[in-house]
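Trainee: Shown below is the structure under consideration.
The values are calculated or read from the model by the stated rules, or taken from the named source; none is laboratory data. Given the structure is predicted, the values throughout are model-derived calculations rather than measurements. As a convention, Cβ positions derive from the backbone with ideal geometry for all residues, glycine included, and neighbour counts pool all protein chains shown.
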Amino acid sequence: MNLVLFGPPAAGKGTQARRLVEERGLVQLSTGDMLRAAIASGSDLGARVKSIMNSGALVSDDIVIELIRDQLDAAERAGGAIFDGFPRTIAQAQALDSMLLDCGSKIDRVIRLRVEDDGLMDRIARRFAEAGRADDNPASFKVRLEHYNEQTAPLLPYYAQQGKLVEVDGMGDVQAVAAEIDAVLETVAA
Ligand code: AMP
């Protein structure tokens, strides 16, 4: 099963993806985590993307598509992936569809965590206190939200047209959101 967890920054995608990894053995493919690991390792890629990420802008489609391509076979062998923070543009979504098709696979569901913008800044402040992410500051967050609205939100009609989009209330506590997601996943297994 392949799922896309969809929503603005701090919607709770990572939290839910990690839970699904533990409970269902799927592989979490978070391009944000991969890019942060590249920065932490001091690689060339990390050096190229560091300032872009810290500003809140998107790194290039080519970079993130290659990161995903490298992991896709292993994810398919494990039974599928939870895409967290990818795709973020139409070009990425098209590339993902085509890469999965090459493996004889597909996206099963796109779960949109619906959250109100007003609540997000509080979540970001809390996450900064807990995790210290460089881009969890008000200026970068504003840029990230703009990119989400301009480049990522257009994926909603893209996936709706494919009949794959499901909406979940992301404003509840972690358990309530988890229960809604699990109910959606029941419909995939059926
Ligand atoms: P995230 O952890 O998903 O919030 O991603 C953190 C940052 O990494 C984003 O603000 C972007 O700079 C970069 N990034 C992560 N995933 C992507 C993607 N799919 N496309 C472009 N940039 C990305």
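Trainee: Within segment 25-49, count every residue that is part of a loop (DSSP other than H, G, I, E, B), over 28 Å from M1 (Cβ atoms) and in contact with a Leu (Cβ under 7 Å, 6 or more places away or on another chain).
Mentor: The qualifying residues number 0.
Trainee: Hey, any hits in segment 150-171 for a residue that's over 21 Å from Q94 (Cβ atoms), out of contact with any Phe, Trp or Tyr (no Cβ under 9 Å at 6 or more places or on another chain) and without any contact (Cβ under 8 Å) to a residue 12 or more places away in the chain?
Mentor: No, segment 150-171 has no match at all.
Trainee: Look at segment 50-79 and say how many of its residues are buried (at least 16 other Cβ atoms within 10 Å of the Cβ), assigned to a helix (DSSP H, G or I) and hydrophobic (A, V, I, L, M, F, W, C).
Mentor: Qualifying residue count, segment 50-79: 8.
Trainee: May I pose another question? Condition check: hydrophobic (A, V, I, L, M, F, W, C), at pLDDT below 95, under 15 Å from the mean Cα position of the chain (by Cα) and over 28 Å from A75 (Cβ atoms). Does L120 satisfy that?
Mentor: no
Trainee: While we're looking at this one, here's another question. Can you tell me which residue within segment 24-55, out of those that are of a type in the set (G, A, S) and touching a residue at least 40 places away in the same chain (Cβ under 8 Å), is farthest from the ligand (Cβ to nearest atom)?
Mentor: G25
Trainee: Given the conditions (1) away from the ligand (no atom under 13 Å from the Cβ); (2) not aliphatic (A, V, I, L, M); (3) not in a helix (DSSP H, G or I), which single one is not true for P157?
Mentor: P157 satisfies every listed condition except (3).
Trainee: Being out of contact with any strand residue (DSSP E or B) (no Cβ under 6 Å at 6 or more places or on another chain) and closer than 16 Å to P9 by Cα is the filter here; which residues of segment 146-168 pass it?
Mentor: Selection gives E146, H147, Y148, N149, E150, Q151, T152, A153, P154, L155, L156.
Trainee: A further question on this structure: For D84, indicate whether it is surrounded by 15 or more Cβ atoms within 10 Å (Cβ to Cβ), within 18 Å of the chain's Cα centre (by Cα), at pLDDT 95 or above and more than 14 Å from the ligand (Cβ to nearest atom).
Mentor: In short, no.
Trainee: Evaluate the following for G172: is it on the phi > 0 side of the Ramachandran plot and not hydroxyl-bearing (S, T, Y)?
Mentor: No.
Trainee: Go over the candidates D122, D182 one by one and state the one that is of a type in the set (D, E) and either closer than 19 Å to R18 by Cα or touching a strand residue (DSSP E or B) at 6+ places or on another chain (Cβ under 8 Å) (or both).
Mentor: D182
Trainee: Do the conditions hold for L100, that is, is it at pLDDT 95 or above and part of a helix (DSSP H, G or I)?
Mentor: Criteria met by L100.
Trainee: Continuing with the same structure: Which of the residues spanning segment 57-66 are touching a residue at least 12 places away in the same chain (Cβ under 8 Å) and either under 18 Å from L5 (Cα atoms) or not small (G, A, S) (or both)?
Mentor: L58, V59, D61, I63, V64, I65
Trainee: Moving to a separate point now. Quick one: would you say R69 is more than 10 Å from the ligand (Cβ to nearest atom), without any contact (Cβ under 8 Å) to a residue 40 or more places away in the chain, of a type in the set (K, R) and farther than 28 Å from D169 by Cβ?
Mentor: In short, yes.
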